[in-house]
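Take a look at the structure set out below.
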Amino acid sequence: MKRSGVQHRLTRVYLVQLLLISLATVMGVWATANIIEHVLVKQALIKEADHYWGLLEQNPEQPRPNTRHLLGLLTSRSVNDSVPDILSVLPDGYQRVELAGEKPIVYIESRGEARLYLVFDEQRVSVLAFLFGILPLTGVLLVIYITSFLGWKKSRDLLSPLVQLAERLRHTPVDTPSGARLDLADIQADNDSEVAVLVSALEAYADRLVTFVERERQFTRDASHELRTPLAVFRANLELLQSQVGERPVISRMSDTVEDMEATLETLLMLARTEHVDQTAEPVIVNDMAVNLMERLSPLAERKQIRLQVRQKSLTSVDCPEPALAIVLTNLVRNAINYSGSGAVDIIVLEGAVQVVDSGVGMDQQDLERMLKPFERGNSAEGGHGLGLAIVQRLCERYDWKIMVASAPGKGTQVRVAFN
């Protein structure tokens, strides 16, 4: 799993910083060593050789350089120092030679018949360079590393409450209103820090959100209960009127409207209950529910001269609360009947899905996007409240079902609900 949190990115930056500092230090030491050996030491030996030649011209008996770090050898007509064979065969110039188990720097220069050998022992100089150069540099590096580590640790400590808050929000279920109120008491942050301000703002926002959702739920429950009584009275009077005057188209349309309104109220009441308390999921046979729904809605379809049928291509079962699936199918079939005008509505049970197909007027892409919004209705004289597809989509999101709508003007509409 790729780690991409703030603290992990901060750690990566810290490690890259240390790597770059170390690399720059190594390159700097290497470049300094090369400059000392190939520039400074070389120029010093050349100057030393020029100085000795000058002294030798003034005094033919001038002794050769012989110090703790520099040894001079000379061969000429009058002087014949003991020069190792490995040096006598070397060409003039600046070079490093393996001599007596060591590799000193040798500078050879000839003038006339005389030849000067300058052997520079850099080991002791290297010890001094280490004592006065490498050790102080190491101390500086340790200070840089320690301060970088302390800065990294302090940054992690400052970001720790923010990371805890992000993890808490990441694992908070957003599909249930009960999870909107977060318990952030265990997140430790300084009182005057930005994290503390953010936590306080989130808690206040969650309180307002929970209050708003609860107020909406309460209104839905109260409105649903209060409207059921006048609808029941209205239905009773319609039945009485129908028994007195007989079947009339106007009375049938009013009865259909009452049924739609009752179904909408039952749906809203059920949604208010399921969002407040999760209902128990149980295996539901989609085929049986589709057949029962066809029998229940057949009178409505016959009055609208629509042929309603069920086609079973597979035996499909889904684990969910039965009322939720009933609301989804009922809204889809009622919506298809109301907007088909005439023709046929088919309920097709597929492998792991159910599909409702009508032969109505269809919709274009703009109408499709609009129909999934609450209180949006299609062009139909049958009435409606514009909640059908919006409620279906809401329930599908709640139970992780996938809803797909396909339609084209003049070719009807197909709505498929795929179960997990």
Problem set entry | Computed lengthening from residue 194 to residue 303, 0.36 nm per intervening residue step minus Cα-Cα distance | 32.7 nm
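What net charge do the residues around residue 76 carry, taking every other residue with its C-beta under 10 Å from that of residue 76, with Lys and Arg at +1 and Asp and Glu at -1? Before the final figure, lay out each step's value.
Values: positive: 77, 111, 115; negative: 81, 113.
Value of the local net charge: +1.
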Seminar exercise, completed: Residue separation between residue 258 and residue 202 times 0.36 nm, minus their alpha-carbon distance, gives in nm 15.8 nm
Problem set entry | FRET efficiency, residue 97 to residue 24 (Cβ-Cβ, R0 25 Å, nearest 0.05) | 0.15
For this session: Mind giving me the nanometre distance, one decimal, between the label points for residue 145 and residue 364, set 7 Å out from Cα along Cα→Cβ?
Result: 7.1
Seminar exercise, completed: Carbon/sulfur accessible area of the stretch 58-117, % of total, 1.4 Å probe, equals 47
Exercise. If you bin the C-alpha pair distances of the stretch 49-121 every 5 Å from 0, what whole percents do you get?
Worked result: 3, 15, 30, 28, 15, 7, 2, 0
For this session: Send over a whole-number figure in Å² for the accessible area per residue of the stretch 293-374, probe 1.4 Å.
Result: 46
Problem set entry | Residues with amide H under 5 Å from that of residue 353, placed H, sequence gap 5 or more | 419
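Counting Lys +1, Arg +1, Asp -1, Glu -1, what net charge surrounds residue 348 among other residues with beta carbon under 9 Å of its beta carbon?
Values: positive: 311, 313, 416; negative: 346.
Cβ neighbours under 9 Å give a net charge of +2.
For an R0 of 35 angstrom, estimate the FRET efficiency from the Cβ-Cβ distance between residue 215 and residue 236 and round to the nearest 0.05.
On the way: r = 33 Å, r/R0 = 0.93.
For R0 = 35 Å, the calculated efficiency reads 0.60.
Tell me, in nm to one decimal, what length is gained between residue 13 and residue 266 on full extension, where the rule is 0.36 nm per residue of separation less the Cα-Cα distance? It would help to have the intermediate numbers written out before the result.
Numbers: separation 253, 0.36 × 253 = 91.08 nm, distance 5.80 nm.
Between residue 13 and residue 266, full extension yields 85.3 nm more.
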Problem set entry | Label-to-label distance, nm, for residues given as residue 317 and residue 51 (7 Å Cα→Cβ offset) | 10.3
For this session: Measure out, as a whole number of angstrom, how far apart the alpha-carbon centroids of the stretch 324-342 and the stretch 200-246 sit.
Result: 21
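The values are calculated or read from the model by the stated rules, or taken from the named source; none is laboratory data. Computed from a predicted structure; not experimentally measured. In this analysis, Cβ positions are derived from the backbone assuming ideal geometry, glycine residues included, and neighbour counts consider all displayed protein chains. Side chains included, ligands, DNA and RNA excluded: accessible areas come from the protein's heavy atoms. Shrake-Rupley method; radii C 1.70, N 1.55, O 1.52, S 1.80 Å.
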